[in-house]
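Asker: Here it is, the structure, as C-alpha coordinates.
The values are calculated or read from the model by the stated rules, or taken from the named source; none is laboratory data. The model shown is predicted, which means the values in this text are computed figures rather than measured ones. Cβ: placed from backbone, ideal geometry, glycine included. Neighbour counts: every protein chain shown.
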Amino acid sequence: MRKLSKTLAVLALALIMVLSLSVPAFATGNYDEEAWKAEPAYGKTLHYWIGASCTSATNLAEHLGYFAEEGLTVEGFKGESDIEAIGTGKCDIAIGHIAKATVPATNGVNLEFVGAAHLLQGCKALYVLADSSYQHYEDLKGQTISVPNGIGASDYNITARLLLEAGMNPLTDVTLTPVDQDACVTAMQNNEIQGALLSESFGYPLIQQGILRKIDSADGNSTNELCCIIMMNRDFVEKNPITAEKLASCTKRALKWMGENPEEATQTIMDLGLYPADKYDMNLELHELMSFGKQSDEYATEQMKSIVEDYIECGLITATDDADAVIEYLWQPLGSAE
(Lines give C-alpha, C1' and ligand atoms only; values in the text may rest on other atoms or scores of the structure.)
Protein backbone atom coordinates (compact mmCIF):
# COMPACT_ATOMS: atom_id res chain seq x y z
CA MET A 1 0.00 0.00 0.00
CA ARG A 2 2.74 2.44 0.93
CA LYS A 3 4.54 1.73 -2.32
CA LEU A 4 1.38 2.52 -4.27
CA SER A 5 0.87 5.69 -2.25
CA LYS A 6 4.33 6.90 -3.20
CA THR A 7 3.71 5.98 -6.84
CA LEU A 8 0.46 7.96 -6.88
CA ALA A 9 2.19 10.98 -5.39
CA VAL A 10 5.08 10.84 -7.88
CA LEU A 11 2.71 10.48 -10.83
CA ALA A 12 0.61 13.38 -9.54
CA LEU A 13 3.63 15.64 -9.23
CA ALA A 14 4.85 14.77 -12.70
CA LEU A 15 1.44 15.44 -14.21
CA ILE A 16 1.07 18.74 -12.41
CA MET A 17 4.42 19.85 -13.80
CA VAL A 18 3.36 18.92 -17.34
CA LEU A 19 0.03 20.71 -17.10
CA SER A 20 1.50 23.81 -15.52
CA LEU A 21 3.50 24.51 -18.66
CA SER A 22 0.36 25.27 -20.66
CA VAL A 23 -2.23 26.54 -18.20
CA PRO A 24 -1.10 30.17 -17.78
CA ALA A 25 -0.89 30.81 -21.52
CA PHE A 26 -4.42 29.60 -22.23
CA ALA A 27 -5.87 31.22 -19.12
CA THR A 28 -4.94 34.64 -20.51
CA GLY A 29 -6.18 33.81 -24.01
CA ASN A 30 -2.64 34.01 -25.39
CA TYR A 31 -1.85 30.34 -25.86
CA ASP A 32 0.63 29.39 -28.58
CA GLU A 33 -1.34 28.66 -31.76
CA GLU A 34 1.46 26.57 -33.18
CA ALA A 35 1.72 24.57 -29.98
CA TRP A 36 -2.02 23.89 -30.17
CA LYS A 37 -1.74 22.77 -33.79
CA ALA A 38 1.04 20.39 -32.80
CA GLU A 39 -1.19 18.52 -30.36
CA PRO A 40 -2.38 15.05 -31.48
CA ALA A 41 -6.06 16.00 -31.03
CA TYR A 42 -5.87 19.20 -33.07
CA GLY A 43 -8.41 19.25 -35.89
CA LYS A 44 -9.94 15.94 -34.85
CA THR A 45 -13.49 15.30 -33.69
CA LEU A 46 -13.60 15.21 -29.90
CA HIS A 47 -16.18 13.30 -27.89
CA TYR A 48 -18.19 14.32 -24.86
CA TRP A 49 -20.41 12.03 -22.82
CA ILE A 50 -24.06 12.72 -23.64
CA GLY A 51 -25.48 13.76 -20.30
CA ALA A 52 -29.04 14.11 -19.04
CA SER A 53 -30.61 16.54 -16.60
CA CYS A 54 -27.88 17.33 -14.03
CA THR A 55 -25.05 16.11 -16.30
CA SER A 56 -26.15 18.01 -19.40
CA ALA A 57 -23.55 20.82 -19.34
CA THR A 58 -21.46 19.13 -22.04
CA ASN A 59 -24.54 18.94 -24.26
CA LEU A 60 -25.25 22.60 -23.57
CA ALA A 61 -21.67 23.61 -24.32
CA GLU A 62 -22.23 22.30 -27.82
CA HIS A 63 -25.78 23.66 -28.10
CA LEU A 64 -24.71 27.15 -27.00
CA GLY A 65 -21.80 27.16 -29.44
CA TYR A 66 -19.04 27.30 -26.84
CA PHE A 67 -17.04 24.43 -28.33
CA ALA A 68 -17.31 25.93 -31.82
CA GLU A 69 -16.14 29.32 -30.52
CA GLU A 70 -12.92 27.65 -29.36
CA GLY A 71 -12.37 25.97 -32.71
CA LEU A 72 -13.33 22.51 -31.44
CA THR A 73 -15.30 19.95 -33.43
CA VAL A 74 -17.28 17.70 -31.11
CA GLU A 75 -19.91 15.02 -31.08
CA GLY A 76 -21.70 13.25 -28.29
CA PHE A 77 -21.01 9.69 -27.22
CA LYS A 78 -23.20 7.35 -25.19
CA GLY A 79 -22.32 3.93 -23.84
CA GLU A 80 -22.89 1.77 -20.81
CA SER A 81 -20.67 3.73 -18.42
CA ASP A 82 -19.30 7.26 -18.39
CA ILE A 83 -16.36 6.13 -16.26
CA GLU A 84 -15.46 3.34 -18.67
CA ALA A 85 -15.84 5.67 -21.65
CA ILE A 86 -13.49 8.26 -20.14
CA GLY A 87 -11.02 5.69 -18.86
CA THR A 88 -10.72 3.92 -22.22
CA GLY A 89 -10.50 7.15 -24.22
CA LYS A 90 -13.79 6.67 -26.07
CA CYS A 91 -14.85 9.92 -24.46
CA ASP A 92 -12.65 12.93 -23.71
CA ILE A 93 -14.85 14.73 -21.17
CA ALA A 94 -17.88 13.89 -19.05
CA ILE A 95 -19.81 15.00 -16.00
CA GLY A 96 -20.45 12.31 -13.40
CA HIS A 97 -20.78 11.66 -9.71
CA ILE A 98 -17.61 12.26 -7.72
CA ALA A 99 -18.09 9.45 -5.22
CA LYS A 100 -18.92 6.94 -7.97
CA ALA A 101 -15.77 7.80 -9.92
CA THR A 102 -13.32 8.01 -7.01
CA VAL A 103 -12.99 4.29 -6.28
CA PRO A 104 -12.36 3.11 -9.87
CA ALA A 105 -9.99 6.02 -10.40
CA THR A 106 -7.83 4.69 -7.55
CA ASN A 107 -7.94 1.22 -9.08
CA GLY A 108 -6.34 2.07 -12.41
CA VAL A 109 -9.13 3.70 -14.45
CA ASN A 110 -7.37 6.37 -16.52
CA LEU A 111 -9.23 9.51 -15.49
CA GLU A 112 -8.84 12.68 -13.46
CA PHE A 113 -11.16 15.34 -12.04
CA VAL A 114 -10.83 18.85 -13.48
CA GLY A 115 -13.70 20.80 -11.94
CA ALA A 116 -16.89 20.78 -9.85
CA ALA A 117 -20.34 20.76 -11.46
CA HIS A 118 -23.19 21.02 -8.94
CA LEU A 119 -24.58 20.11 -5.52
CA LEU A 120 -26.41 16.91 -4.61
CA GLN A 121 -29.58 18.66 -3.43
CA GLY A 122 -32.08 18.75 -6.28
CA CYS A 123 -30.50 15.66 -7.84
CA LYS A 124 -30.75 12.70 -5.45
CA ALA A 125 -32.07 12.23 -1.93
CA LEU A 126 -32.83 9.51 0.60
CA TYR A 127 -36.59 8.86 0.91
CA VAL A 128 -38.81 7.00 3.37
CA LEU A 129 -42.55 6.51 3.59
CA ALA A 130 -44.27 9.70 4.70
CA ASP A 131 -45.95 7.97 7.65
CA SER A 132 -42.84 6.10 8.83
CA SER A 133 -41.01 6.87 12.06
CA TYR A 134 -37.65 7.52 10.35
CA GLN A 135 -36.60 11.15 10.66
CA HIS A 136 -32.86 11.01 9.99
CA TYR A 137 -30.32 8.70 8.34
CA GLU A 138 -29.25 7.55 11.79
CA ASP A 139 -32.75 6.12 12.38
CA LEU A 140 -32.18 3.65 9.53
CA LYS A 141 -29.39 1.82 11.36
CA GLY A 142 -30.04 -1.92 11.04
CA GLN A 143 -32.48 -1.38 8.17
CA THR A 144 -32.42 -2.06 4.41
CA ILE A 145 -32.01 0.76 1.88
CA SER A 146 -32.45 0.49 -1.88
CA VAL A 147 -29.71 1.69 -4.20
CA PRO A 148 -31.67 1.33 -7.45
CA ASN A 149 -28.91 1.28 -10.06
CA GLY A 150 -26.87 -1.38 -8.31
CA ILE A 151 -24.04 -2.16 -5.93
CA GLY A 152 -20.95 -0.16 -6.84
CA ALA A 153 -22.86 2.24 -9.10
CA SER A 154 -23.70 5.87 -8.42
CA ASP A 155 -26.71 5.28 -6.13
CA TYR A 156 -24.65 2.93 -3.97
CA ASN A 157 -21.75 5.36 -3.68
CA ILE A 158 -23.98 8.37 -3.02
CA THR A 159 -25.80 6.50 -0.26
CA ALA A 160 -22.51 5.32 1.22
CA ARG A 161 -21.21 8.87 1.21
CA LEU A 162 -24.31 10.27 2.93
CA LEU A 163 -24.23 7.61 5.63
CA LEU A 164 -20.51 8.11 6.21
CA GLU A 165 -21.08 11.83 6.65
CA ALA A 166 -23.65 10.96 9.30
CA GLY A 167 -21.10 8.86 11.17
CA MET A 168 -22.49 5.52 9.96
CA ASN A 169 -20.70 2.65 8.25
CA PRO A 170 -22.56 1.74 5.02
CA LEU A 171 -20.98 -1.73 5.02
CA THR A 172 -22.06 -2.76 8.52
CA ASP A 173 -24.76 -0.41 9.86
CA VAL A 174 -27.29 -0.95 7.05
CA THR A 175 -28.01 -3.34 4.20
CA LEU A 176 -27.78 -1.75 0.77
CA THR A 177 -29.64 -3.62 -1.95
CA PRO A 178 -30.72 -2.87 -5.53
CA VAL A 179 -34.47 -2.43 -6.02
CA ASP A 180 -35.69 -0.78 -9.21
CA GLN A 181 -36.73 2.83 -8.63
CA ASP A 182 -40.28 2.16 -9.86
CA ALA A 183 -40.64 -0.68 -7.35
CA CYS A 184 -39.29 1.13 -4.31
CA VAL A 185 -42.58 2.52 -2.99
CA THR A 186 -44.23 -0.90 -3.06
CA ALA A 187 -41.15 -2.46 -1.46
CA MET A 188 -41.32 0.12 1.33
CA GLN A 189 -45.03 -0.46 1.82
CA ASN A 190 -44.34 -4.21 2.08
CA ASN A 191 -41.52 -3.49 4.57
CA GLU A 192 -38.99 -5.18 2.28
CA ILE A 193 -36.93 -2.01 2.42
CA GLN A 194 -37.21 0.97 4.75
CA GLY A 195 -35.59 3.67 2.59
CA ALA A 196 -34.36 4.34 -0.92
CA LEU A 197 -32.05 6.72 -2.71
CA LEU A 198 -34.16 8.22 -5.49
CA SER A 199 -33.84 10.95 -8.05
CA GLU A 200 -35.60 14.07 -6.83
CA SER A 201 -37.57 14.35 -10.07
CA PHE A 202 -39.01 10.91 -9.25
CA GLY A 203 -39.60 11.67 -5.58
CA TYR A 204 -41.04 15.17 -6.08
CA PRO A 205 -44.61 14.17 -7.07
CA LEU A 206 -44.65 11.41 -4.46
CA ILE A 207 -43.95 14.03 -1.78
CA GLN A 208 -46.77 16.15 -3.21
CA GLN A 209 -49.08 13.14 -2.95
CA GLY A 210 -48.09 12.51 0.68
CA ILE A 211 -46.57 9.10 -0.09
CA LEU A 212 -42.87 9.77 0.55
CA ARG A 213 -40.71 12.32 2.30
CA LYS A 214 -37.03 13.15 2.21
CA ILE A 215 -34.79 12.72 5.21
CA ASP A 216 -31.34 14.02 6.08
CA SER A 217 -28.79 13.39 8.80
CA ALA A 218 -29.43 14.90 12.21
CA ASP A 219 -27.00 17.71 11.41
CA GLY A 220 -28.28 18.33 7.87
CA ASN A 221 -25.08 17.23 6.18
CA SER A 222 -26.37 16.63 2.65
CA THR A 223 -27.57 20.17 1.96
CA ASN A 224 -24.07 21.28 0.92
CA GLU A 225 -22.80 17.99 -0.51
CA LEU A 226 -20.96 18.02 -3.86
CA CYS A 227 -22.59 15.71 -6.37
CA CYS A 228 -21.02 15.75 -9.83
CA ILE A 229 -17.62 16.71 -11.18
CA ILE A 230 -16.05 17.19 -14.61
CA MET A 231 -13.75 14.31 -15.48
CA MET A 232 -11.36 13.78 -18.37
CA ASN A 233 -9.10 11.07 -19.72
CA ARG A 234 -5.71 11.46 -18.07
CA ASP A 235 -3.63 10.63 -21.17
CA PHE A 236 -5.69 13.02 -23.30
CA VAL A 237 -4.95 15.91 -20.92
CA GLU A 238 -1.25 15.11 -20.79
CA LYS A 239 -0.86 14.88 -24.57
CA ASN A 240 -3.25 17.72 -25.46
CA PRO A 241 -3.01 20.33 -22.68
CA ILE A 242 -4.38 23.25 -24.73
CA THR A 243 -7.23 21.25 -26.28
CA ALA A 244 -8.06 19.78 -22.87
CA GLU A 245 -8.24 23.19 -21.28
CA LYS A 246 -10.50 24.43 -24.06
CA LEU A 247 -12.86 21.48 -23.49
CA ALA A 248 -12.88 22.04 -19.72
CA SER A 249 -13.40 25.80 -20.06
CA CYS A 250 -16.33 25.39 -22.46
CA THR A 251 -17.99 22.96 -20.08
CA LYS A 252 -17.44 25.31 -17.14
CA ARG A 253 -18.92 28.18 -19.18
CA ALA A 254 -22.02 26.05 -19.75
CA LEU A 255 -22.27 25.25 -16.04
CA LYS A 256 -21.97 28.93 -15.19
CA TRP A 257 -24.70 29.78 -17.72
CA MET A 258 -26.94 27.12 -16.18
CA GLY A 259 -26.43 28.64 -12.74
CA GLU A 260 -26.90 32.27 -13.78
CA ASN A 261 -29.88 31.72 -16.10
CA PRO A 262 -32.00 29.06 -14.38
CA GLU A 263 -35.30 29.81 -16.17
CA GLU A 264 -33.80 29.83 -19.66
CA ALA A 265 -31.53 26.91 -18.87
CA THR A 266 -34.43 24.84 -17.53
CA GLN A 267 -36.50 25.46 -20.65
CA THR A 268 -33.54 24.78 -22.94
CA ILE A 269 -32.74 21.49 -21.20
CA MET A 270 -36.40 20.51 -21.49
CA ASP A 271 -36.39 21.42 -25.20
CA LEU A 272 -33.37 19.15 -25.65
CA GLY A 273 -35.28 16.32 -23.99
CA LEU A 274 -32.92 16.18 -21.01
CA TYR A 275 -35.40 17.22 -18.28
CA PRO A 276 -38.84 15.60 -17.78
CA ALA A 277 -41.35 17.02 -20.25
CA ASP A 278 -44.26 19.22 -19.13
CA LYS A 279 -42.89 19.71 -15.62
CA TYR A 280 -41.31 23.14 -15.85
CA ASP A 281 -42.04 24.28 -12.28
CA MET A 282 -40.60 21.12 -10.75
CA ASN A 283 -37.59 21.18 -13.09
CA LEU A 284 -36.86 24.81 -12.27
CA GLU A 285 -37.12 24.26 -8.51
CA LEU A 286 -34.73 21.29 -8.61
CA HIS A 287 -32.41 23.04 -11.08
CA GLU A 288 -31.98 25.99 -8.75
CA LEU A 289 -31.25 23.72 -5.77
CA MET A 290 -28.29 22.16 -7.60
CA SER A 291 -26.46 25.53 -7.89
CA PHE A 292 -24.73 24.73 -11.18
CA GLY A 293 -21.22 26.06 -11.63
CA LYS A 294 -21.07 27.86 -8.28
CA GLN A 295 -18.61 25.58 -6.47
CA SER A 296 -15.03 26.80 -6.07
CA ASP A 297 -11.95 24.63 -6.48
CA GLU A 298 -11.30 25.08 -2.76
CA TYR A 299 -14.76 23.73 -1.91
CA ALA A 300 -14.29 20.80 -4.30
CA THR A 301 -10.93 20.00 -2.70
CA GLU A 302 -12.49 19.90 0.77
CA GLN A 303 -15.31 17.67 -0.44
CA MET A 304 -12.91 15.31 -2.19
CA LYS A 305 -10.69 15.07 0.85
CA SER A 306 -13.66 14.16 3.02
CA ILE A 307 -14.86 11.52 0.54
CA VAL A 308 -11.43 9.92 0.15
CA GLU A 309 -10.78 9.83 3.90
CA ASP A 310 -14.20 8.27 4.57
CA TYR A 311 -13.78 5.69 1.81
CA ILE A 312 -10.35 4.66 3.09
CA GLU A 313 -11.61 4.39 6.65
CA CYS A 314 -14.56 2.14 5.79
CA GLY A 315 -12.68 0.06 3.22
CA LEU A 316 -14.22 1.23 -0.05
CA ILE A 317 -10.79 2.47 -1.19
CA THR A 318 -8.27 -0.32 -0.75
CA ALA A 319 -5.48 0.62 -3.17
CA THR A 320 -3.84 2.97 -0.67
CA ASP A 321 -4.35 4.49 2.76
CA ASP A 322 -2.75 7.83 1.85
CA ALA A 323 -5.63 10.25 1.28
CA ASP A 324 -3.40 13.19 0.32
CA ALA A 325 -1.68 11.14 -2.39
CA VAL A 326 -5.05 10.11 -3.84
CA ILE A 327 -6.26 13.70 -3.95
CA GLU A 328 -3.05 14.98 -5.55
CA TYR A 329 -3.32 12.24 -8.14
CA LEU A 330 -7.01 12.69 -9.02
CA TRP A 331 -7.66 16.41 -8.58
CA GLN A 332 -6.21 18.47 -11.43
CA PRO A 333 -8.36 21.66 -11.79
CA LEU A 334 -8.34 22.80 -15.39
CA GLY A 335 -9.95 25.60 -17.37
CA SER A 336 -12.11 28.56 -16.43
CA ALA A 337 -15.69 29.70 -16.92
CA GLU A 338 -14.54 33.27 -17.52
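Asker: Quick check on M282: is it over 21 Å from E112 (Cβ atoms) and not acidic (D, E)?
Answerer: In short, yes.
Asker: Mind listing whichever residues of the range 127-136 are touching a residue at least 24 places away in the same chain (Cβ under 8 Å) and outside any strand (DSSP E or B)?
Answerer: Residues satisfying the conditions are A130, S132, Y134, Q135.
Asker: Y156: touching a residue at least 12 places away in the same chain (Cβ under 8 Å), more than 30 Å from E84 (Cβ to Cβ) and surrounded by 15 or more Cβ atoms within 10 Å (Cβ to Cβ), yes or no?
Answerer: In short, no.
Asker: Do we find that G76 is assigned to a loop (DSSP other than H, G, I, E, B), at pLDDT 95 or above and not assigned by TED's automatic domain parsing to the domain that holds L163 in this structure?
Answerer: Answer is no for this residue.
Asker: A further question on this structure: Considering only residues that are surrounded by 13 or more Cβ atoms within 10 Å (Cβ to Cβ) and either more than 26 Å from the chain's Cα centre (by Cα) or modelled with pLDDT under 90 (or both), which ones fall in the range 19-43?
Answerer: Within the range 19-43, L19, S22, V23, A25, F26, A27, Y31, A35, W36, E39, Y42 meet the criteria.
Asker: Ok, one more. Residues to consider are E200, E112; find the one that is among the acidic types (D, E), in contact (Cβ under 8 Å) with a residue 40 or more places away in the chain and in the same structural domain as I86 (by TED's automatic domain parsing).
Answerer: E112
Asker: For A187, are the conditions met, namely being surrounded by fewer than 22 Cβ atoms within 10 Å (Cβ to Cβ) and touching a Lys or Arg at 6+ places or on another chain (Cβ under 8 Å)?
Answerer: The answer is no for A187.
Asker: Looking at this structure, is S81 modelled with pLDDT under 95 and surrounded by 19 or more Cβ atoms within 10 Å (Cβ to Cβ)?
Answerer: Considered against the rule, which asks whether it is modelled with pLDDT under 95 and surrounded by 19 or more Cβ atoms within 10 Å (Cβ to Cβ), S81 comes out as no.
Asker: Could you pull out the residue among L206, L198 that is over 30 Å from H47 (Cα atoms) and at pLDDT 95 or above?
Answerer: L206
Asker: What single numbered condition from (1) in a loop (DSSP other than H, G, I, E, B); (2) modelled with pLDDT of 95 or more fails to hold for Q121?
Answerer: Among (1) in a loop (DSSP other than H, G, I, E, B); (2) modelled with pLDDT of 95 or more, the lone unmet condition for Q121 is (2).
Asker: Now for a different question. Only residues that are surrounded by 14 or more Cβ atoms within 10 Å (Cβ to Cβ), modelled with pLDDT of 95 or more and more than 18 Å from the chain's Cα centre (by Cα): list them for the range 273-317, please.
Answerer: Correct list: K279, Y280, M282, N283, L284, E285.
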